[in-house]
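**Q** Please read through the structure below; I'll follow up with questions.
Each value in this text was obtained by applying a stated rule to the coordinates, not by laboratory testing. If you're wondering where the values come from, they're calculated on a predicted model, not measured in any experiment. Cβ atoms come from the backbone with ideal geometry, glycine included; neighbour counts cover every protein chain shown.
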Amino acid sequence: MSTESKDNPARAICTGCWCHLWTFTANTARRARILGRYTLACWQQQKIRKATRLLGEKTFQALERGEANPLAAPEVSEAVQKAKDLKELKEKNYLAIAAIREKIRSSCVIATPEKPGGVEDNPPLP
């Protein structure tokens with residue numbers, strides 16, 4: 001605590017309020033980013049389903065043409081690669097969500113009554 005806030009306890013309380021307000025605002029923005037990331041993940045999941053469906057169709061068409069190994073057909077291998085790429089993008093998105101959650105978790109602190117200057121971490125977020 002600075003000497004200025006020791007002389008004026010109201011200023012120290014006000015400074016603490018601004019700090020908590022800033023944390024609340026920052027975490028609200030982070031939660032909005034998580035919501036956007038989840039929306040993106042849902043959209044990516046739809047694209048994965050479509051790619052998987054197309055993969056099945058291409059495999060069936062290759063079998064109908066009499067291919068011995070339908071996965072060796074170029075259009076099937078392209079469909080497999082596209083599905084893998086989409087799954088990797090979705091996984092990166094979930095890793096970004098986990099990183100944002102960790103930022104929120106590290107910014108939330110509760111003052112403990114046993115140690116007025118100490119802090120206790122919040123319980124883990126779901």
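**Q** Quick one: 3J(HN,Hα) in Hz for the range 29-40, Karplus 6.51/-1.76/1.60 with θ = phi - 60°, rounded, Gly and Pro as x.
**A** Running phi through 6.51 cos²θ - 1.76 cosθ + 1.60 with θ = phi - 60° gives 5, 5, 5, 5, 5, 5, 4, x, 5, 5, 4, 5 Hz.
**Q** Okay, moving on. Would you mind computing, in nm to one decimal, how far apart the modelled labels at Ser77 and Arg101 are, each placed 7 Å from Cα along Cα→Cβ?
**A** Simple spin-label model gives 3.8 nm for this pair.
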